Amino acid sequence: MSFSISPGGSPSLTDPLVNERPSFLLRMFASACFTGYAPIASGTVGSALAALFFLVPGFERWVVIIPASILVYLLGIPAGTRMERYYGHDPAEVTIDEVVGMWISLWFLPKTIGTVIAAFFLFRFTDIVKPYPARVFDRMSGGFGIMTDDVVAGIYANLILQAILLLTPLRSFLL
């Protein structure tokens, strides 16, 4: 078998990994404990799992959530690339990117139910709308694009929520 990448960066028909189903562990990781296989709104289900994970005692501490986000991001790049080879461009089955984006949307925020809910909806909104440069990354092939557009969406959601907590009367509602 031969391996080749077309000029556009996508695998060719001679790529042996295109037809080989990813391993169970890879699918479990890349789909964030199989949330990517939810029949509808898999990205929302993956984001909800990340929000619940944030509620684990101590996970909100920056010395925990930031290294976890970076590690999952770095592992998500090759996992996303491998899943994309089998399932196609930016597959719904990959939701580990939503986990990282959701966690980033919660960095340095108070751990309250109101904040988590607001971050969840802001992240889902920015992930769907894909403000610049998220859309640029979304159009890329491979795991880097899959992961990075959600990182950008998470940063936008975080900055919006930080501003809301600093500047508006919603502060008392969210805290």
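The values are calculated or read from the model by the stated rules, or taken from the named source; none is laboratory data. In this text the structure is predicted, and so the values were computed from the model without any measurement. Cβ atoms come from the backbone with ideal geometry, glycine included; neighbour counts cover every protein chain shown.
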| request: Could you grab me the full set of residues in segment 11-68 that are crowded, with 17+ Cβ neighbours inside 10 Å, closer than 17 Å to THR81 by Cβ and modelled with pLDDT of 95 or more? | output: ARG27, PHE29, ALA30, SER31, ALA32
| Hits in segment 34-54 - residues which are in a helix (DSSP H, G or I) and either at positive phi or not small (Gly, Ala, Ser) (or both) | THR35, TYR37, THR44, VAL45, LEU49, LEU52, PHE53, PHE54
| message | Against the definition (surrounded by fewer than 21 Cβ atoms within 10 Å (Cβ to Cβ), more than 24 Å from LEU52 (Cα to Cα), of a type outside the set (Asp, Glu) and touching a Phe, Trp or Tyr at 6+ places or on another chain (Cβ under 9 Å)), how does PHE144 come out, yes or no? | response | yes
| message | Please pick out the residue among ILE164, ILE146 that is more than 23 Å from GLU93 (Cα to Cα) and either in a helix (DSSP H, G or I) or modelled with pLDDT of 95 or more (or both). | response | ILE164
| note | Quick count over segment 67-84, residues being touching a residue at least 12 places away in the same chain (Cβ under 8 Å) and either over 13 Å from VAL99 (Cβ atoms) or among the basic types (Lys, Arg) (or both), is 6
| query | If you scan segment 85-123, which residues turn out to be assigned to a helix (DSSP H, G or I), over 13 Å from SER47 (Cβ atoms) and without any contact (Cβ under 8 Å) to a residue 12 or more places away in the chain? | reply | TYR87, ILE113
| field | Within segment 108-132, tally of residues that are more than 14 Å from the chain's Cα centre (by Cα) and within 23 Å of ALA30 (Cβ to Cβ) | value | 0
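Per-residue answers, yes or no, for (1) within 20 Å of PHE53 (Cβ to Cβ); (2) touching a Pro at 6+ places or on another chain (Cβ under 7 Å); (3) crowded, with 21+ Cβ neighbours inside 10 Å:
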position	(1), (2), (3)
LEU74	yes, no, no
ARG82	no, yes, no
PRO91	no, no, no
ILE96	yes, no, yes
PHE108	yes, no, no
THR112	yes, no, no
ASP127	yes, no, yes
ASP149	no, no, yes
| note | Of the conditions (1) in a loop (DSSP other than H, G, I, E, B); (2) within 19 Å of GLY142 (Cα to Cα), the single one that PRO57 does not satisfy is (2)
